[in-house]
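I have a structure here, written as structure tokens, and I will follow up with some questions on it.
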Number of protein chains: 2
Amino acid sequence: MATAVAVSNGGAKGPAATTRVMSVYSEVQTSRLNHNLPLPSVLRAPFALLDGPPSSAAGNPDEIAKLFPHLFGQPSAKLVPATDTASSAASSGTLKVGVVLSGGQAPGGHNVISGIFDYLQEKAKGSTIYGFKGGPAGIMKCKYVELTPEFVYPFRNQGGFDMICSGRDKIETPQQFKEAEDTAAKLDLDGLVVIGGDDSNTNACLLAEYFRSKNMKTRVIGCPKTIDGDLKCKEVPASFGFDTACKIYSEMIGNVMVDARSTGKYYHFVRLMGRAASHITLECALQTHPNIAVIGEEVAAKKQTLKNVTDYITDIICKRAELGYNYGVILIPEGLIDFIPEVQTLIAELNEILAHDVVDEAGVWKQKLQPQCQQLFEFLPQAIQEQLLLERDPHGNVQVAKIETEKMLISMVETELEKRKAEGKYAGHFKGQSHFFGYEGRCGMPTNFDSNYCYALGYAAGALLHCGKTGLISSVGNLCAPVEEWTVGGTALTSLMDVERRHGKFKPVIKKAMVELDGAPFKKFASMRDEWAIKNRYISPGPIQFMGPGANDVNHTLLLELGVVQA
Amino acid sequence: MATAVAVSNGGAKGPAATTRVMSVYSEVQTSRLNHNLPLPSVLRAPFALLDGPPSSAAGNPDEIAKLFPHLFGQPSAKLVPATDTASSAASSGTLKVGVVLSGGQAPGGHNVISGIFDYLQEKAKGSTIYGFKGGPAGIMKCKYVELTPEFVYPFRNQGGFDMICSGRDKIETPQQFKEAEDTAAKLDLDGLVVIGGDDSNTNACLLAEYFRSKNMKTRVIGCPKTIDGDLKCKEVPASFGFDTACKIYSEMIGNVMVDARSTGKYYHFVRLMGRAASHITLECALQTHPNIAVIGEEVAAKKQTLKNVTDYITDIICKRAELGYNYGVILIPEGLIDFIPEVQTLIAELNEILAHDVVDEAGVWKQKLQPQCQQLFEFLPQAIQEQLLLERDPHGNVQVAKIETEKMLISMVETELEKRKAEGKYAGHFKGQSHFFGYEGRCGMPTNFDSNYCYALGYAAGALLHCGKTGLISSVGNLCAPVEEWTVGGTALTSLMDVERRHGKFKPVIKKAMVELDGAPFKKFASMRDEWAIKNRYISPGPIQFMGPGANDVNHTLLLELGVVQA
């Protein structure tokens, strides 16, 4: 049934013009397409919504109350089986709902949309659902496509965001809020689901507040998306996509480990996506047991320098050489150098100098650097020096994310090892191989976990809208239990917020969840890493399976954070 | 049963000292460990060996006859169900057999060894099998480990070569042949199985000839290994590891394609391992349908320059921009620049100049290049120029394999696009992302195909030795049929050989099988690539499955070459 059906999302030119032609689906794609998803049992039967107590904020509740006068304090809610005493229930009417994908891709986004779609089809028959194209810009420009069963079908359980595409625009200015208002009015929207990360969910809450302040009927529900794993809290135990991305990276890391052990002559330095937070690196470490995994948050907490990190790696390489191991695998979070204070200072100084001065070949410009920064700059490998000077973003700033930290560390470790060799302290041989695992993981086919989780998130978002809720983030819990036992509800977005002062004004933010050094995942890692460093305890998770052994494994971070496994 | 058993291969220091600790096996690893493998039906029942007609050579039979006086002309053989009329059968005695892994890793190597091991356990009970450690050097230095059921078990269906490790040494000099002879005599070897690529199988044949010339009982059987896919012929339709490596790379390519389509703003340039031949790139293209796949053999046949390749890519990018697509995926074989005559000339000239002259900063040295080479050198991006000048192998030669062709092409395409933009011929936007997929694929868990194929290859090698054969390469055919129907035999290694003149002497070689431009896989690709270039026909194969849909898929190259699917 899945062959030769071409589905295009509107045929428009530009980034949102994509096509899925099912005649060219692989066998695995087709089988996933037709894979039926389980739902939490509370969603399978008539349910009611039970409000909790009034909520507060993650910090500075007075400021949050000022920023969200209509929403602050509203309760979170959970779904319970319908009984006569339940506090509220879904309306019987049909809905007009919009959905938007915001920010970077994460496996499972399509399933959130299918979840909303199926909810409306099954519980609010006759409803309409619009997909805004190319992210929040689609809302502002009123670019959308009406979702139909035929349109949604080819994306079920498939990776990517290409059904309606995504974008990084934000709805920020009064003009932009007005545009969103116009679109909501024009489409007569009862609700909008924003699928995004911390910023996008903050934006969703501002939009909910705005619509409420205008007495509009349009309600807004958020969904927690990001492979980086930095959007989570007690009520929202995970962001979707993290599970799949980590398992894809871990498959590759496991393969590289076996390669390292087989040839016995390479140190593989693997940089992993994940932005500022090191959740992905930590999870991949727990899945694969590398010889070294650098956790950015620990580097920051210990106020380490680049030299400290280099020495830490070099020490382990020397110890391993004594044991006869001249190979290994080292994981490095993408955001590492963001965590090193001296590097931040250097970059700030460079941005300042490069904005005003000429970089002369003779290097006179370097004298404008503070002595410590100058020293650090000279310590960096030449290729990195050049990268810092040459690759700039449109604002002229150094592009930190573009720095190939893994190559930088290889070069610095090499230099340090040569020094030690000259001093007679190291007699091994060292060859570094660099890797960056990133784009391979953002659009993989979602694991069973992410497929189920996203479907439940979407289904729950539909239910929350149907019950008249706004300003909540779809919240599915008890995630280490079988799907039937998962809890479902919505958490007041304002309760997750704090403020940050920017340009003299308070801005609401959902704080990024960083790796906690007293959290169970890090403690587990810390308790084992010395053994991993010296003994080879490599695990090869293998390719993600959809059937059979391992197919329903939950990631270690979640198991540890939910206390299902002890640290 | 698979937990907490540590298996070390001897505990020696150095590259061959590895350990697998099964208490840290993943669920998928454990399930593969206990996965029972099917055997071709001819191997499951009593069999006999049927000799074919006398063989010749792939080229220059007279020279091959001189180089292999004892082996030349010997028949290939195939296994048939035992009957009274069959020509020869396995002896009833026990055997002492050595096995060695030679060259780069390929998924399935451990299964070849398990195959030999199980054959001896089941059909020649009481036999002994030694694993030579660290490749051919292990034979010369008589470094080995005796394989036991407990030793072999943790490696069943697992990736890597770490059971006994591999090495790139060759047995070449009279002294080295003598060392191999001493080892064979010391261990009283009846047979030796050499698992390797074209060079290693040539070496295996030379060793078989040598042992025969010395009237030794030690027989030598080869097995076709390499992910590169360049060791194959009618009798040996595939080298093992190719299937798994291509499927791993294709999973990643498929993910990157979905990412490209979702963001709509990146051109991903993916360089793929595979040495000189472009088989891997071609197979990955058939699995995933990229917008462009450059096939080195075609570039060579058409005598294209780097500028031609750049223009070909740029033309397609411009056409796609007109259609509104500013993204895409481009596959590039690792060996590409080896195929471009002008690059080879440049590298030869550089090697000559760098060996004798100083590279002055002002660039006066460049005047020593021929005008055409100078022009090409100036055409190259600066980073590549530096790489050519700085990164040298121990012999002082430019390291072609280290050149990041994907980055080079991004840079050259970028320059060309800027030119066209200035001329008003291109109005799109271009952002290149580079990838190199290599080490991730060499040691993945073997697919069902490679698991079964390798096990049959090993089992057959045991049978051939048991029947007294030498100088054959284990040959398993009919590979697109169910395993039960696979054919089993041995092909005379001399029949695959030709000679090459090196330093005025004839050297025997098994010619590398390159992509044939009139072969079915390339023709299939060529018939579809124009459509893939402009329309997006991306396929996402997804992760390798061991159960369920897709788990037993055979790769496209094999299906097309065996005529199971039409080009």
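Which of the residue pairs B:K66/B:K170; A:K232/A:K511; B:K232/B:K505; A:K512/B:K265; B:K319/B:K421 have a Cα-Cα distance greater than 19 Å in the structure shown?
B:K66/B:K170; B:K232/B:K505; A:K512/B:K265
Using a simple spin-label model with points 7 Å from Cα along the Cα→Cβ vector, what separation in nm is obtained for A:K421 and A:A481?
Rounded to a tenth, the inter-label distance reads 5.8 nm.
Another one. Please sort by residue number the GluC sites (Glu not before Pro) in the stretch B:165-216 whose DSSP state is loop and whose Cβ has at most 11 other Cβ atoms within 10 Å.
Within the stretch B:165-216, the qualifying GluC sites (Glu not before Pro) (loop, at most 11 other Cβ atoms within 10 Å) are B:E172.
What ³J(HN,Hα) values, in whole Hz, does the Karplus curve 6.51 cos²θ - 1.76 cosθ + 1.60 give for the stretch B:27-33 when θ = phi - 60°, with x put for Gly and Pro?
4, 5, 4, 5, 5, 5, 3
Continuing with the same structure: Sum -39500 (n - 2.57) across every DSSP H segment of at least 4 residues in chain A, then divide by the residue count to get the 222 nm mean residue ellipticity, nearest 500.
-12000 deg cm²/dmol
What share of the DSSP beta bridges in chain A is antiparallel, in percent to the nearest 5?
Around 45 percent antiparallel, to the nearest 5.
Then there's this: Of all DSSP beta bridges located in the protein assembly as shown, what percent are antiparallel, nearest 5?
Looking only at bridges with both residues in the protein assembly as shown, the antiparallel portion is about 45 percent.
Continuing with this model, one more query. State, to one decimal in nm and shortest first, how far the label point of A:S56 sits from each corresponding label point in the other identical copies (label point: 7 angstrom along Cα-to-Cβ).
In ascending order, 9.2 nm.
At the nearest 100 Å², what buried accessible area, both sides summed, do you get for B and A when the probe is 1.4 Å?
It comes to approximately 5300 Å² buried between B and A.
If you don't mind, another one. Plugging the Kirkwood radius over Cα pairs into Stokes-Einstein for the stretch B:207-328, at a temperature of 25 °C and a viscosity of 0.890 mPa s, what D comes out in µm²/s?
Roughly 142 µm²/s, to the nearest whole number.
By how many degrees, 0 to 90 and rounded to 10, does the Cα axis of helix B:341-356 deviate from the longest principal axis of chain B?
The answer is roughly 90 degrees.
Another question, if that's okay. Which residues in the stretch A:187-215 place their backbone N less than 20 Å from a point set 7 Å from the Cα of A:S92 along the Cα-to-Cβ direction?
It comes to no residues whatsoever.
Per residue of the stretch A:249-260, in order, report the coupling 6.51 cos²θ - 1.76 cosθ + 1.60 (Karplus, θ = phi - 60°) as ³J(HN,Hα) in whole Hz, putting x for Gly and Pro.
4, 5, 4, 5, 4, x, 4, 5, 5, 5, 4, 4
Can you list the residues of the stretch B:244-279 whose accessible area drops by at least 50 Å² going from the chain on its own to the full set of protein chains, with a 1.4 Å probe?
B:M252, B:N255, B:V258, B:D259, B:R261, B:S262
What are the distances, in nm and sorted shortest first, from the label point of B:E418 to the label points of the same position in each other copy, with each label point placed 7 Å from Cα along the Cα-to-Cβ direction?
3.2
Taking H as built 1.01 Å from N, whose amide H comes closer than 5 Å to the amide H of B:L192, not counting residues under 5 places away?
Answer set, sorted by chain and number: B:G98, B:R219, B:V220, B:I221.
Shortest first and in nm with one decimal, please list how far the B:E485 label point sits from its counterparts in the other copies (point 7 Å along Cα→Cβ).
Inter-copy label distances (nm, one decimal, shortest first): 4.8.
Answer with one residue from A:G160, A:N60, A:G519: the one whose Cα lies farthest towards the positive end of the charge dipole of chain A, charges on Cβ with Lys, Arg +1 and Asp, Glu -1.
A:G160
May I ask you to list the trypsin sites (Lys or Arg not before Pro) in the stretch A:405-457 that are in a DSSP loop and have at most 13 other Cβ atoms within 10 Å of their Cβ?
Sparse-neighbourhood loop trypsin sites (Lys or Arg not before Pro): A:K425, A:K431.
Under the definition of Cα pairs under 8 Å and six or more residues apart, what whole-number percent is the relative contact order of chain B?
Here the relative contact order equals 22 percent.
If you line up the long axis of helix B:279-288 against the longest principal axis of chain B, both from Cα atoms, how many degrees apart are they, to the nearest 10?
For helix B:279-288, the angle is close to 70 degrees.
For peptide A:97-108, compute the average count of partner chain beta-carbon atoms within 10 Å of each residue's beta-carbon.
Going residue by residue through A:97-108 and averaging, the value is 1.
Based solely on C-alpha atoms, express the radius of gyration and the Dmax of the protein assembly as shown in angstrom.
Final numbers for Rg and Dmax: 31.0, 99 Å.
By how many degrees, between 0 and 90 and to the nearest 10, does the Cα long axis of helix A:174-186 differ from the longest principal axis of chain A?
Long axis of A:174-186 versus the principal axis of chain A: about 40 degrees.
Provide the per-residue ³J(HN,Hα) series for the stretch B:506-522, in order, calculated from phi with Karplus coefficients 6.51, -1.76, 1.60 and θ = phi - 60°, each as a whole number of Hz, with x at glycine and proline positions.
Taking θ as phi minus 60°, the curve returns 7, 10, x, 9, 8, 4, 4, 7, 8, 5, 8, 6, 9, x, 4, x, 5 Hz for the stretch B:506-522.
Near the axis that takes chain A to chain B, which A residue has its beta carbon closest, and at how many Å?
Result for the A and B rotation: A:P543, 2.
Now for a separate question. Taking K and R as +1 and D and E as -1, what net charge do the other residues with C-beta under 12 Å from the C-beta of B:K469 add up to?
Around B:K469, the surrounding residues sum to +1.
DSSP loop (so not H, G, I, E, B), at most 16 other Cβ within 10 Å: list which trypsin sites (Lys or Arg not before Pro) in the stretch A:39-126 pass both filters.
Counting only loop positions with at most 16 other Cβ atoms within 10 Å, the trypsin sites (Lys or Arg not before Pro) in the stretch A:39-126 are A:K125.
Per residue, how large is the accessible surface of the stretch A:466-508? Use a 1.4 angstrom probe and give square angstrom.
Normalised by residue count, the accessible surface of the stretch A:466-508 is 38 Å².
The values are calculated or read from the model by the stated rules, or taken from the named source; none is laboratory data. This structure is a prediction, so every number in the text was calculated from the model and none was measured. Methodologically, a virtual Cβ is constructed for each residue, glycine included, from the backbone with ideal geometry; neighbour enumeration extends over all protein chains shown. Just the protein is used for accessible areas: all its heavy atoms, side chains included, with ligands, DNA and RNA removed. Shrake-Rupley method; radii C 1.70, N 1.55, O 1.52, S 1.80 Å.
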